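Undergrad: Here it is, the structure, as structure tokens.
The values are calculated or read from the model by the stated rules, or taken from the named source; none is laboratory data. Being a predicted model, the structure only gives us computed values, none of them experimental. Heads up, the Cβs are rebuilt from the backbone with ideal geometry, glycines too, and the neighbour counts pull from every protein chain shown. These area figures cover heavy atoms from the full protein model, side chains too; ligands, DNA and RNA do not enter into them. Shrake-Rupley method; radii C 1.70, N 1.55, O 1.52, S 1.80 Å.
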Amino acid sequence: MKNSVASIMIACALTLSARAADVTAKISDVHLCCQGCVKGVEKAVGEVKGATASVDKDTATVQKAADALVAAGYFGKSSDAGIKLAADTGAKGKKVQTLKLEGVHLCCGKCVSTVDKAVKSVSGVKEHTAVKNAKSFEVTGDFNDKEVVDALHNAGLTGKVAK
């Protein structure tokens, strides 16, 4: 029961805080479907020295924690205009027939389902090869690459175009 309540609280909003200036940034709409996702976020943020998912730190630390969150394949929206969740995805906004993405968080079947729903919501996408724990996957069809990345962002995930 404790895990369910904690997961629900974390799923509602991931809060990254800063103590020096008592700055708090709420990052919402982050994909958190299961305990694996929660642990992934905690691990990503925990790798930033001095940052946790709900403890006060300075704004620079909060930004570093947000950057770590994005680097781990998650995405969301910050309530603090000074904290940016910027993902340099490499998408060019051009029509493509194949797009290889890497670094998208895919810890479980629910993550894969989220990717499936997001990717297939983009006009022209035919299919994808995303599977649990994959480091990369391909999207095929005739579609705009940036629209696929935007759909992932709207689902609380991110990744980069593989070179």
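Undergrad: Output the residues belonging to segment 132-160 that are farther than 14 Å from Lys95 by Cβ, open to solvent by less than 80 Å² (accessible area, probe 1.4 Å) and touching a helix residue (DSSP H, G or I) at 6+ places or on another chain (Cβ under 7 Å).
TA: Those that are farther than 14 Å from Lys95 by Cβ, open to solvent by less than 80 Å² (accessible area, probe 1.4 Å) and touching a helix residue (DSSP H, G or I) at 6+ places or on another chain (Cβ under 7 Å): Ala151, Leu152, Ala155, Leu157, Thr158, Gly159.
Undergrad: Can you go through Val119, Val96, Val104, Val115 and tell me which one is of a type outside the set (D, E, K, R) and in a strand (DSSP E or B)?
TA: Sole residue among the options that is of a type outside the set (D, E, K, R) and in a strand (DSSP E or B): Val96.
Undergrad: Have a look at Leu99, Leu106 and point out the one that is more than 16 Å from the chain's Cα centre (by Cα) and buried (at least 21 other Cβ atoms within 10 Å of the Cβ).
TA: Leu99
Undergrad: Of all the residues that make up segment 110-135, how many are on the phi > 0 side of the Ramachandran plot and not small (Gly, Ala, Ser)?
TA: Residues flagged as on the phi > 0 side of the Ramachandran plot and not small (Gly, Ala, Ser) within segment 110-135 amount to 1.
Undergrad: Would segment 119-133 turn up any residue that is at pLDDT below 85 and basic (Lys, Arg)?
TA: Scanning segment 119-133, I find no residue that is at pLDDT below 85 and basic (Lys, Arg), so the answer is no.
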